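Following: one structure in structure tokens, then a few remarks.
Readers should treat all values here as calculations from the given coordinates under stated rules, not as data from a laboratory. This is a predicted model, so every value here is computed, not measured. Virtual Cβ from ideal backbone geometry, glycine too; neighbours counted across all protein chains shown.
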Amino acid sequence: ELILEAWRDYFRILKQDLAKALGQISFTTDIWSAENLHPYLATTAHWITNNNGPLKMRASLITFQYFPSAHTGDALAKLTLEILDRAEVTSKVCIV
């Protein structure tokens, strides 16, 4: 329960940071299988900030989750949109 609470706190702050991104946000995604053949997906957001100083490149993990669905384009597109919606950044997407 403490891990989930820490993740919720992290994600709440991350969403605030992403909302302040200058311009658009880019994403990288990776899917792989663990030794037990369970598939996982991780997505990282990449953006630029300017907190009254020089521009700064930022990157943060926005999801790491079990991905048992078929790795088809449709399944990946659906999950990607869910992830972007959850992070409240769908309108700021640059590259997926």
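Here are the numbers for the structure shown:
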read-out	value
Cβ-based net charge around Gln65, under 13 Å, with every Lys or Arg adding one and every Asp or Glu removing one	-1
Anisotropy class of the stretch 1-55 from Cα gyration tensor, a/c 1.5 cut	oblate
Cβ-placed point charges (K, R +1; D, E -1), dipole of the stretch 29-96 about Cα centre in debye, nearest 20	320
Alpha carbon Rg of the chain, scaled by the compact-globule rule 2.2 N^0.38 Å	1.16
Under-5 Å amide H pairs with Phe67, H placed in peptide plane, nonlocal only	Tyr40, Leu41
Mean residue ellipticity (222 nm) of the chain, computed from DSSP H runs ≥ 4 via -39,500 (n - 2.57), nearest 500	-11000 deg cm²/dmol
Vicinal HN-Hα couplings computed from phi for the stretch 11-26 (Karplus, 6.51 cos²θ - 1.76 cosθ + 1.60; Hz; Gly/Pro x)	5, 4, 5, 4, 4, 5, 5, 5, 5, 8, 4, 7, x, 9, 10, 9
Taking Tyr10, Tyr40 and counting other C-beta atoms within 10 Å, the order from fewest to most	Tyr10, Tyr40
Between helix 73-86 and the chain: long-axis angle, C-alpha atoms, 0 to 90°, nearest 10	40
